[in-house]
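Each remark here refers to the structure printed beneath this line.
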Amino acid sequence: MKSCTSVQQAEMVAIIKRLAPNEGHTSSLLAGVKLMRSDRPLGRTPVMYEPSIVIVCQGSKRGYLGDKVYFYDAQHYLVLSVPLPFSTETNASQEEPLLAISVSLDMTAIADLILEVDRNVSSPLTEPLGIISTGLDCALSDTALRLLHALTDPLEARVLGPGIVRELCFRVLTGERGGAIRAALASNGSFARISRSLKRIHDNYARSLNVTSLAREAGMGIQTFHSHFKTVTGTSPLQYIKSVRLHQARLLMIRDNLTAAAAATQVGYESSSQFNREFKRTFGRSPGEEAREMKMAFALLPAAQLENIAATH
């Protein structure tokens, strides 16, 4: 196994260093594919990840959701089948920065792929999971390396990139934990209904969201909805809604220079004092302190890159 990972890993590290010279998330030549870099260790930090595949080429991260820990490094990748607020810890240094590639999961683009795999792969679907960390095999590592090579050339990115992304998704869906991922992405069952509830929350976080209405739309009783919701996200519906609003408010303050009060109103809070309390409980700093720290830390970055960092760190 060493020969299939060490050489590929070294190549991937070299390409990401070239394509992502600055910290944070750097957009690539292909929509939905971003490069991640951190030149320093980061303590446990609340984050919001969209459905995606994260392949780390150097350094490591730990994700914490409820009482579970998800480790992803050069030998393990992370998959999220639903948008999840959780917390991460980053192991990196100036000499060995964290370097990774993140590929968004576009359900419209891979729905037919999921059906095709289900028809032809003998391994059964298992319990659906919203987040998985699993071993990186040679086939997936090779696909990731070819994707990175394609991203170094505009023509290759445009012509070859989409096909390589599709192959990457195929490798994940047929991998060691592919059954759980396919079950999570399937368009039926309680997991799918919760997934649709999560989309509704993300699309309407600034409006009044009623858990009773969400449960009714999911075709579940309140208790059943709470139980399935916590299984998928690791938290309650109300806590999830609160987390989404707080992350969005944080982004507004950093990216758009909104005051805490203005950001609170824009994401649906009626009480500034409640917003301030809940923000500090989540991020460990007051809204003003967090906005100042983030702006100082990434003062030299362009606005688009600052937005990505604010949304995911």
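Once ligands and nucleic acids are excluded and a 1.4 Å probe is used, how much of D256 is accessible, expressed in Å² to the nearest 10?
Around 70 Å² of this residue is reachable by solvent.
Show the residues, 5+ positions off or on another chain, whose built amide H is closer than 5 Å to the amide H of S60.
N91
Can you check what the net charge comes to around V54, using other residues whose Cβ is under 15 Å from the Cβ of V54 (Lys, Arg +1; Asp, Glu -1)?
After counting each charged neighbour, the total is +3.
Which whole-number value in Å² is the accessible area per residue of the range 232-277, probe 1.4 Å?
On the way: 1930 Å² over 46 residues.
Ligands and nucleic acids excluded, the result is 42 Å² per residue.
Across the range 107-122, in residue order, what do the Karplus-derived ³J(HN,Hα) couplings come to in whole Hz, using 6.51 cos²θ - 1.76 cosθ + 1.60 with θ = phi - 60° and x for Gly and Pro?
Going residue by residue, I get 4, 4, 6, 10, 4, 5, 5, 4, 4, 5, 5, 4, 6, 10, 9, 6 Hz, with x marking Gly and Pro.
Using unit Cβ charges (K, R positive; D, E negative) and no other charged atoms, how large, in debye to the nearest 20, is the dipole of the chain about its Cα centre?
Numbers: 34 positive and 29 negative charges, 163 e Å.
Result for the chain is approximately 780 debye, rounded to the nearest 20.
Taking all protein chains as present, what is the carbon and sulfur share of the accessible area of the chain, in % to the nearest whole number, probe 1.4 Å?
Working: 7480 of 14670 Å².
Taking all protein chains in place, the chain shows 51 percent carbon and sulfur surface.
Can you list the HN-Hα couplings for the range 9-25, worked out from phi with the Karplus curve (6.51, -1.76, 1.60; θ = phi - 60°), rounded to whole Hz and with x for Gly and Pro?
Here the 3J(HN,Hα) series is 4, 4, 5, 5, 4, 4, 5, 5, 4, 6, 7, 10, x, 10, 5, x, 9 Hz.
Which one, G189, G178, G59, has the greatest fluctuation when you compute a Gaussian network model over the chain with C-alpha springs under 10 angstrom?
So, out of G189, G178, G59, the one fluctuating most is G189.
Once both labels are modelled 7 Å past Cα along the beta-carbon direction, what's the T265-R285 spacing in nm?
2.5
The values are calculated or read from the model by the stated rules, or taken from the named source; none is laboratory data. Computed from a predicted structure; not experimentally measured. As a convention, Cβ positions derive from the backbone with ideal geometry for all residues, glycine included, and neighbour counts pool all protein chains shown. Ligands, DNA and RNA are excluded from the accessible area calculation, which covers all protein heavy atoms including side chains. Shrake-Rupley method; radii C 1.70, N 1.55, O 1.52, S 1.80 Å.
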